[in-house]
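See structure below.
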Amino acid sequence: MSGRPRYALEGVNISKRFGHLRALEGVSLRLRRGSFHALLGENGAGKSTLVKCIMGYHRPSEGQFLIDEQEQSIDNPHEAHRLGIGMVYQHFTLIPNMSVAENLVLARPCLPARIDWRAETRRLREKLDALPFQVPLDAAINSLSAGEKQKVEILKQLTLDCRILILDEPTSVLTPDEADEVLGRIKAMTRETDLSVLIITHKFREVMHYADEVTVLRKGRAAGTTTVAGTTPAALAGMMLGCDPKRMPSTRREVAVREQVLDLERLTVLDDNGEPAVRGLSLSVAGGEIVGIAGVSGNGQRELVQALCGQRDIGAGCMRVQAERFRATREEIRRHHFRCLPEEPLRNACVPGMTIAENLALREFDRAPYARCGGWLNRAAIGARAAALIERFSVSPPVPAMPIGQLSGGNVQRAVLARELSGDVSVLIVANPCFGLDFAAVAEVRERIMSARNQGAAVLLVSEDLEEILELADRLLVMAGGRLVYETTPAAADLTLIGQHMAGH
Ligand SMILES: Nc1ncnc2c1ncn2[C@@H]1O[C@H](COP(=O)(O)OP(=O)(O)OP(=O)(O)O)[C@@H](O)[C@H]1O
Ligand SMILES: [Mg+2]
């Protein structure tokens, strides 16, 4: 063989079974050196499982990996690091109270017992000078925006000299502008250096714009690899599903009867440090109305949603539902048909070790027909309801007895939606509901939110995805610094003005 190896990474016939479940079946993938390669597939197709095998978190049941055309066994993440493979996750893994420099230094796998911070910082600066991203080394992580944090995550891998960078949905926490900046810079690095990138994303726009090649997984098998220049989003969607994508029947916005349902009056909510995150916020949502709250993450949206869902105390002000004082107790939530889909539902709305069926019954398990006299649970009724919801919301795999924490990210989201959107809904609070969902699921979830609205629910949609708000909302509000700073309607929306308000100008 002459010259340098053509492929940085090859997976050959990789299979992975979890018990009886075949998460991957004979998947082969070749990552050209210096290329930007996208990995696409429906929720549950096996993308995260494949990259976890590459990173040594899982051992494949069958198959081999080649790095620079040499066979390697990757038994643990340490080994992956030694081979120059680094990974960035969807959620941040940085230590919030420490500085950027401290995070980058502490990421080194073999730290001396005593750290010479001065020398380490100098070394770090030299490395960073050679990289196309700049971040303020002295800044505390919790003072950074989501885009900057994601840059630090990527820099962490690059300063560890990784040559193969794996990104699992890295842009879901970023605004489109931040995503473009981050992906553009990484793309430039693949052109200018030896870096090879494998990126999992659900966004066709990112695939078409940045990737050189794309591999599609379908139900644990490789459905094909193609150059991006030789394909289209429609063809990729067809490859993902194994058929032409069927168009969702689109739920029209219907004129609904308006009656004030949810009222927030001068609400103040404190963050974890006791500082006000929501500052005297007043807001009303009528039945049959979707009010969208746009904003850059970290401006109080999370605390607002937590207060509404009873996961955080309110500092001052008051909440009312149907003109009654509302404190988000379990009983009030049930009586008012108040439903909530918080962000990161696995962490905030599930018990990961419990089964899908049990999680689907979390709201109702202590009532008939799921509980019988004496407090005994009626497992048959819980199982039957779970099976019906799993089918209606296409949760995959359709196994009610599986721990919910073993579902793929997108399927956890579907399961929680199934629980929150079944039965009567009078108030619906949703935060980033399409986070991590594949394109078909995004369309489906938006339909369901619209139809809850048409049936009279008062919907508060908190989303970092402005397009989503423009598509769904009847009114759009911008939240910045814990306050609502601007209001408009999607029809009258001026994107520049919205952007300025989001940035706090
Ligand atoms: N630790 C585990 N135990 C059992 N089953 C698992 C485990 N991890 C993943 N699975 C299953 O393997 C399959 C593939 O999951 P994976 O997380 O790889 O999907 P994905 O393509 O990343 O989906 P998403 O787009 O929703 O993130 C799913 O059916 C999932 O339920
Ligand atoms: Mg995944």
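Out of the residues in the stretch 4-20 meeting the condition of being in a loop (DSSP other than H, G, I, E, B) and in contact (Cβ under 8 Å) with a residue 24 or more places away in the chain, tell me which one is farthest from ligand 2 (Cβ to nearest atom). Even if it seems obvious, please write down each step before you answer.
Here is the first cut: in the stretch 4-20, the residues in a loop (DSSP other than H, G, I, E, B) are 4-6, 19-20.
Filter once more, keeping what is in contact (Cβ under 8 Å) with a residue 24 or more places away in the chain: 4-6.
Details: Arg4: 32, Pro5: 28, Arg6: 28 Å.
Of everything passing the filter in the stretch 4-20, Arg4 is farthest from ligand 2 (Cβ to nearest atom).
So, in the stretch 162-178, of the ones that are more than 14 Å from the chain's Cα centre (by Cα), within 16 Å of Leu198 (Cα to Cα) and not basic (Lys, Arg), which residue ends up surrounded by the most Cβ atoms within 10 Å (Cβ to Cβ)?
Taking the candidates together, the pick is Ile166.
When you check Thr190 against the structure, is it assigned by TED's automatic domain parsing to the domain that holds Leu104 and either within 17 Å of the chain's Cα centre (by Cα) or within 16 Å of ligand 2 (Cβ to nearest atom) (or both), yes or no? Outline the logic, then answer.
Numbers: assigned by TED's automatic domain parsing to the domain that holds Leu104: yes; either within 17 Å of the chain's Cα centre (by Cα) or within 16 Å of ligand 2 (Cβ to nearest atom) (or both): no.
So Thr190 fails the test.
How do the strands (runs of 3 or more DSSP E) wholly within the stretch 195-309 filter down when requiring 1 or more residues that are closer than 28 Å to Asp474 by Cα: which remain? Steps first, please.
Working: elements: 196-200, 213-218, 221-227, 260-270, 276-286, 289-294.
Filter on the stretch 195-309 gives 260-270, 276-286, 289-294.
I'm checking my understanding of the structure. Among residues of the stretch 51-69 that are charged (D, E, K, R) and within 18 Å of Arg163 (Cβ to Cβ), which one is surrounded by the fewest Cβ atoms within 10 Å (Cβ to Cβ)?
Keep residues of the stretch 51-69 that are charged (D, E, K, R), which gives 52, 59, 62, 68-69.
When the remaining residues are screened for being within 18 Å of Arg163 (Cβ to Cβ), the result is 68-69.
On the way: Asp68: 17, Glu69: 14.
Looking at residues that are charged (D, E, K, R) and within 18 Å of Arg163 (Cβ to Cβ), I get Glu69.
(1) away from ligand 2 (no atom under 15 Å from the Cβ); (2) surrounded by 21 or more Cβ atoms within 10 Å (Cβ to Cβ); (3) farther than 18 Å from Val351 by Cα: which one isn't true of Ala386, the others all being true?
(3)
Any idea which of Glu79, Glu25, Glu71 is closer than 29 Å to Phe435 by Cβ and among the acidic types (Asp, Glu)?
Of Glu79, Glu25, Glu71, the one residue that is closer than 29 Å to Phe435 by Cβ and among the acidic types (Asp, Glu) is Glu25.
When you scan the stretch 378-455 for helices (runs of 4 or more DSSP H) that lie fully inside it, which ones turn up with 3 or more residues that are of a type in the set (Val, Ile, Thr) and either within 16 Å of ligand 1 (Cβ to nearest atom) or outside the structural domain of Tyr89 (by TED's automatic domain parsing) (or both)? Please lay out each step first, then the result.
On the way: elements: 379-392, 409-420, 439-454.
It comes to 439-454.
Among residues belonging to the stretch 310-343 that are touching a Phe, Trp or Tyr at 6+ places or on another chain (Cβ under 8 Å) and assigned to a loop (DSSP other than H, G, I, E, B), point out the one that is nearest to Ala452 (Cα to Cα).
Selected residue: His336.
Within the stretch 74-105, can you find the residues that are of a type in the set (Phe, Trp, Tyr) and without any contact (Cβ under 8 Å) to a residue 24 or more places away in the chain?
Answer for the stretch 74-105, where residues must be of a type in the set (Phe, Trp, Tyr) and without any contact (Cβ under 8 Å) to a residue 24 or more places away in the chain: there is none.
Which of the residues spanning the stretch 453-471 are more than 21 Å from Gln306 (Cβ to Cβ) and buried (at least 23 other Cβ atoms within 10 Å of the Cβ)?
From the stretch 453-471, those more than 21 Å from Gln306 (Cβ to Cβ) are 453-456, 466-467, 470-471; that's our starting set.
Selection gives Arg453 alone.
Looking only at the stretch 148-166, decide whether some residue is without any contact (Cβ under 8 Å) to a residue 60 or more places away in the chain, within 16 Å of ligand 1 (Cβ to nearest atom) and either over 26 Å from Ala431 (Cα atoms) or not assigned by TED's automatic domain parsing to the domain that holds Glu343 (or both).
Scanning the stretch 148-166, I find no residue that is without any contact (Cβ under 8 Å) to a residue 60 or more places away in the chain, within 16 Å of ligand 1 (Cβ to nearest atom) and either over 26 Å from Ala431 (Cα atoms) or not assigned by TED's automatic domain parsing to the domain that holds Glu343 (or both), so the answer is no.
The values are calculated or read from the model by the stated rules, or taken from the named source; none is laboratory data. In this text, all values refer to a predicted model and were calculated from it rather than measured experimentally. Using ideal geometry, Cβ is built from the backbone for each residue, glycine included, and neighbour counts are taken over all protein chains shown.
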